[in-house]
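The values are calculated or read from the model by the stated rules, or taken from the named source; none is laboratory data. Note that the structure is predicted; figures quoted are calculated from it, not measured. Cβ atoms come from the backbone with ideal geometry, glycine included; neighbour counts cover every protein chain shown.
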Amino acid sequence: MELWIPITVASAFLQNMRSALQKHLRGRLSTTGATFVRFGYGVPFALAYMAILHWGLGRPMPVPNLSFLIWAVAGGFAQIGATFLLVYIFAFRNFAVGTAYSRTEPAQAALVALVLVGETVTAGTVIAIAISVVGVMLISVARTELTPRSLVTSVGSRTAVFGLLSGFLFGISGVSYRYASLSLAPSLPAPDPVVQAGYTLMVVIVMQAVAMLAWIIVRERRELQQIAAAWRPALLVGFVGATASFGWFTAMTLQPAAVIKALAQVEMLFTFASSVFVFKEHINRLEIAGCVLIVLGILALVLI
């Protein structure tokens, strides 16, 4: 089994855990505050990862260049924007449809990579992405009342627009992180995906934390007390989030972002399993069909 496969699956599991922890924090913090802890409390762990790699394991540090900085900044702010849009969608009554649109991220990542850097994927990968995306969309809308009229109406709605834009920005961030990491290789004695990913994570997460902290100071200064008071669960969010990101960045250094994002749809299976086995929620036919399609898409991606 190629290394990027278990790394991606593990990252998807950790991301699902982080989302559950952030949902818990959302009851104590504002949307901005709950989003900030993902970055702010993740900084110490990102720094620790690089310290272990460099001083603990003796791995050489890469030297950043202009290309790295451009890709890192683009990816970091695209990710913040995508996250905010996704949270904004949750305010709408038909947010499930918007979430489904945002899950077109793998297909949009492939398109972004093609337009920006001329990166292509095989026909088999395109088929696998399409199967998994349809499966995720089925699960996302399974508990929403759908009629031909509502589907037609939703296509031009702001929910759909923001959902697609969120997926587009997530696609940009994935492609940007991949090429930020790859741009560091020439400065090393030999390509080292783990070091390249760790360094990219460290720079990006510090930039995101500083940017969001500045925003909170200007717009929601009172939220700082709540963020500080919630430091225990927030530290866990930071650890899980930084570890997941470390995995994502490493995997995307090894494979195109579209491929990683397609396999990452396995996160929906983890989420679905939690709702069934932990929260004892009833499942319907669309959700079962969606799970089957996601599994088929993942198998096609890995085996083709």
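Here are the numbers for this structure:
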{"item": "Options V161, V210, V203, V218; residue that is part of a helix (DSSP H, G or I), in contact with a helix residue (DSSP H, G or I) (Cβ under 8 Å, 6 or more places away or on another chain) and either among the aliphatic types (A, V, I, L, M) or surrounded by fewer than 16 Cβ atoms within 10 Å (Cβ to Cβ) (or both)", "result": "V203"}
{"item": "Which listed residue, of V97, V126, V133, V115, is surrounded by 22 or more Cβ atoms within 10 Å (Cβ to Cβ), modelled with pLDDT of 80 or more, part of a helix (DSSP H, G or I) and of a type in the set (V, I, T)", "result": "V133"}
{"item": "Residue count for the stretch 277-304, restricted to those that are among the β-branched types (V, I, T), farther than 30 Å from A113 by Cα and modelled with pLDDT of 70 or more", "result": "2"}
{"item": "Candidate set from the stretch 26-64 (those that are hydroxyl-bearing (S, T, Y) and under 18 Å from the mean Cα position of the chain (by Cα)); member that is nearest to V237 (Cα to Cα)", "result": "Y41"}
{"item": "Single unsatisfied condition, Q226 versus (1) out of contact with any Pro (no Cβ under 6 Å at 6 or more places or on another chain); (2) over 26 Å from Y49 (Cα atoms); (3) surrounded by 23 or more Cβ atoms within 10 Å (Cβ to Cβ)", "result": "(3)"}
{"item": "Test: residue in the stretch 266-274 that is touching a residue at least 24 places away in the same chain (Cβ under 8 Å), aliphatic (A, V, I, L, M), within 21 Å of T35 (Cα to Cα) and not in a helix (DSSP H, G or I)", "result": "no"}
{"item": "Cβ-Cβ under 7 Å pairs, at least 6 apart or on other chains, the stretch 23-46 side over 13 Å from M207 (Cα atoms), far side among the acidic types (D, E) and surrounded by fewer than 22 Cβ atoms within 10 Å (Cβ to Cβ)", "result": "L29/E223; S30/E220; S30/E223; T32/E220; T32/E223; G33/E223"}
{"item": "Failed criterion for A262 (all others in (1) under 24 Å from G40 (Cα atoms); (2) surrounded by 16 or more Cβ atoms within 10 Å (Cβ to Cβ); (3) not hydroxyl-bearing (S, T, Y) hold)", "result": "(1)"}
